[in-house]
Amino acid sequence: MVRQERAARTRRSLIRAAAETFAEVGFVPASLTVISRRAGVSNGALHFHFANKGVLAEAVEAEAAEAVRRLTESARARQGDSLQAVVDATHELMAALAQDVVVRGGFGLAGDIARRAVSPLHGQWQGWVEDSLCRAERSGALARGVSWTAAARVVVAATTGFGVLGCKDASWLSRQNITRSWELLLPLLADRGDLGTLVCAGSRPPAPAPEPGPALVPASAPVPGPELGSALVPAPGPELGPAFVPAAAPVPGPSPVPGPEPAALPAPEFAAAPAPVPAPAPVSGSGWVWGVSGR
């Protein structure tokens, strides 16, 4: 399992590095050595996942196509067969081109004539726009006299042009720019009864940019929590200073009142041991001691 997860991470890193390189220099000048170095892997690891540069480019396009599929399905799920679904999808596609390097790299490959390969991306987007406008015509959302085929050509041509121009100048992909284009197109395409309900800027507000969090300070070694009833006064660190604010010194209590000194007890007296009794001296001229033989 760990090996599979590592292989999946390596594959994603290679696809992202390839998309960045293709978006910057194009397919033909792109170097596999540069891509592998940018992904932080060896050339051998790159060739383990992708046989050649063409296979790697197809993987980038497949990832971009999946992103386009998700955003178009999301727009239709929210707005159904109305023109608002097409408006929302164009806003989200332009945002993806501006923010997602894999989508930008995939569409860059699709428009790279030096590659000499057929890309599914433009056809996928065109097919979805045509199907959506055909649905809108059947539901009566298009203006009288406007065919879905003509409307689809205008929308696809406009969004494709924004994508190509946005590769060099990101302002073409801005929300404001896309909104102004819909302000010109919707009065020509939409039925007058629905025109007042359509939002040229898209029905979904743009996601706010994440605010930077507070700077992280390297943490010192963990200090054990204080025991109940004890003051927390850790020793100061060598550089960062004390980890905690030293606790205030305890207030001394009242001094005890001196009492009378106890009298010294006399040392106990011990009785002197009795002197040892000397044994009787033996009687001269006899081998017996008087009083011992019993005679």
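Protection proxy ranking of 181-192, 126-137, by the mean of other Cβ atoms within 10 Å over each peptide's residues and highest first, is 126-137, 181-192. Once the Cβ-Cβ distance of Ala150 and Ala114 is raised to the sixth power relative to R0 = 41 Å, the FRET efficiency obtained is 0.80.
At 1.4 Å probe size, with the rest of the protein present, what percent of the exposed accessible area of segment 1-92 is carbon and sulfur atoms?
Ligands and nucleic acids excluded, carbon and sulfur reach 52 percent.
As a rough guide to protection, the peptides 150-160, 38-48 ranked by mean Cβ packing within 10 Å, highest first, stand as 150-160, 38-48. In a Debye calculation with equal point scatterers on the alpha-carbon sites of segment 97-184 and no solvent, what is log10 I(q)/I(0) at q = 0.10, 0.11, 0.25 Å⁻¹? For the requested q values the scattering log ratios are -0.30, -0.37, -1.26. The simple spin-label model puts a point 7 Å past each Cα toward its Cβ; for Ala62 and Leu165 those points are separated by 3.4 nm. Our summary of shape: the Cα atoms of segment 1-153 have principal axis extents of 60, 38, 22 Å, ordered from largest down, in whole angstrom. Shape annotation for segment 92-142: C-alpha extents along the principal axes are 42, 26, 11 Å, from largest to smallest.
Go through 168-175, 4-11 and give me the packing order, highest mean Cβ count within 10 Å leading.
Details: 168-175: 13.9, 4-11: 12.1.
In decreasing order of mean packing, 168-175, 4-11 become 168-175, 4-11.
Normalised per residue, the accessible area of segment 2-152 is 49 Å², obtained with a 1.4 Å probe and no contribution from ligands, DNA or RNA.
Subtracting the Cα-Cα distance of Thr179 and Arg192 from their residue separation scaled by 0.36 nm leaves 2.8 nm.
The values are calculated or read from the model by the stated rules, or taken from the named source; none is laboratory data. The structure displayed is predicted, hence computed values, not measured ones. We place every Cβ from the backbone using ideal geometry, glycine too, and count neighbours over all the protein chains shown. Each accessible area value is taken on the protein alone, full model and side chains, heavy atoms only, with ligands, DNA and RNA left out. Shrake-Rupley method; radii C 1.70, N 1.55, O 1.52, S 1.80 Å.
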